[in-house]
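First up is the structure itself, then whatever we jot down about it.
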Amino acid sequence: FVGCSRWLAEKAKVSGLLTGQTVISIPNAINTNLFKPHNKQEARRKCRLPQEGKLILFGSVKITDKRKGIDYLIEACKLLAEKHPEWKESLGVVVFGNQSQQLQDLIPFRVYPLPYIKNEHELVDIYNAVDLFAIPSLEENLPNMVMEAMSCGVPCVGFNTGGIPEMIDHLHNGYVAQYKSSEDFANGIHWILTEPEYNELSAQACRKVLGNYSESIVAKKYTDVYNCLLYTSDAADD
């Protein structure tokens, strides 16, 4: 049995259904030839976003889904606005997903609402237009959006839940916040946006995906599994 995250594989191992079975972890793959860094100014122009200032990205199929943790992002933004009132003029929040416009009156920064995006090329432009991807989800396995953002060189901040801490290496390519702590989530946003070595954070995020989630890397892991099974089968026949 293959789980697409170490978190899921560990859950499967302790399940009564899989007692005595072999369970391993192999992540889903991403097309790193598509999701990759591009010029930020050009990406912002394509997305009709401001050229100046910092931009945070949040996305979900349905923005109001409580499992996606939007309440914690709203609270984190309020904390940031209180501590750094100067950011009200220089920080924006890009939101894509159904009902994204509902956040315009809930977040104390300028909100740029976008509809749910299905076109992958449009997604690449959106990721490249922003400085940080925020994922305050309360339940996640191995979220594709974190993988996509990091592949585009965008550092992420997320809670310590599910497979998120497998993807985000704390203070190395992003920030893993204490679970359900709006204050620590705000700390993560502030740390990434003010980090003097931001370019290195961005580069490390991209390297993490290339080294762990690219199609060639994941295909090699599956090839190794099949080869191991064939070897075991042949040995049993002998």
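The values are calculated or read from the model by the stated rules, or taken from the named source; none is laboratory data. Everything quoted here is computed from the prediction, not taken from an experiment. Please note: Cβ atoms are built from the backbone with ideal geometry, for glycine as well, and neighbour counts cover all protein chains shown. Ligands, DNA and RNA are stripped out before the accessible areas are found, and what is left, the full protein with its side chains, is counted by its heavy atoms. Shrake-Rupley method; radii C 1.70, N 1.55, O 1.52, S 1.80 Å.
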> How much length is gained if the chain between Asn39 and Asn227 is pulled fully straight, taking 0.36 nm per residue apart and subtracting their Cα-Cα distance, in nm to one decimal?
Replying inline: 63.5 nm
>> Solvent-accessible area of Lys68, probe 1.4 Å, all protein chains present, reported in Å² to the nearest ten, please.
In response: 50
> Mind checking the angle between helix 198-212 and the chain's longest principal axis? C-alpha axes, 0 to 90 degrees, to the nearest 10.
Replying inline: 20
> Looking only at region 144-174, which residues have a backbone nitrogen under 11 Å from a spot 7 Å from the Cα of Arg207 in the C-beta direction?
Replying inline: 173
> Separation between the Glu200 and Asn160 pseudo-spin-labels, each 7 Å from Cα along Cα→Cβ, expressed in nm?
Replying inline: 2.4
> What is the distance, in nm, between label points placed 7 Å from the Cα along the Cα-to-Cβ direction at Lys46 and at Leu171?
Replying inline: 3.6
> Measuring from label point to label point, each 7 Å out along Cα→Cβ, what is the Asn144 to Glu86 span in nm?
Replying inline: 4.0
>> Angle check, please: helix 70-83 long axis (alpha carbons) against the longest principal axis of the chain (alpha carbons), in degrees 0 to 90, nearest 10.
In response: 40
>> Given the -39500 (n - 2.57) contribution per DSSP H run of 4+ residues, what per-residue ellipticity at 222 nm results for the chain, rounded to the nearest 500 deg cm²/dmol?
In response: -13500 deg cm²/dmol
> Of all the accessible heavy-atom surface of region 101-238, with the other protein chains kept in place and a 1.4 Å probe, what percent is carbon and sulfur?
Replying inline: 49
> Roughly what % antiparallel, to the nearest 5, for the DSSP beta bridges in the chain?
Replying inline: 0
> Residues with beta-carbon under 13 Å from that of Asn212, excluding Asn212: net charge, scoring Lys, Arg +1 and Asp, Glu -1?
Replying inline: +2
>> Quick check: the distance between the Cα centres of region 156-182 and region 41-86, to the nearest angstrom?
In response: 17
>> For the pairs Lys62/Lys118; Lys11/Lys36; Lys68/Lys180; Lys78/Lys208; Lys62/Lys88, flag any whose C-alpha to C-alpha distance is greater than 20 Å.
In response: Lys11/Lys36; Lys78/Lys208; Lys62/Lys88
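Carbon and sulfur together cover what percent of the accessible area of region 1-58 at a 1.4 Å probe radius?
Working: 1870 of 3690 Å².
Answer for region 1-58 is 51 percent, counting heavy atoms of protein chains only.
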> So how exposed is Lys208, as accessible area in Å² (1.4 Å probe, rounded to 10)?
Replying inline: 30
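Would you kindly calculate the mean projected area, averaged across all directions, of the convex hull enclosing the Cα atoms of region 57-105, in square nanometres?
3.3
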>> Please report the net charge: other residues with Cβ closer than 11 Å to the Cβ of Ala29, K and R +1, D and E -1.
In response: +1
> Using the heavy atoms of the protein chains alone and a 1.4 angstrom probe, what is the accessible area of the chain per residue in square angstrom?
Replying inline: 51
> Which angle between 0 and 90 degrees, to the nearest 10, do you get for helix 120-129 versus the longest principal axis of the chain when only C-alpha atoms count?
Replying inline: 50
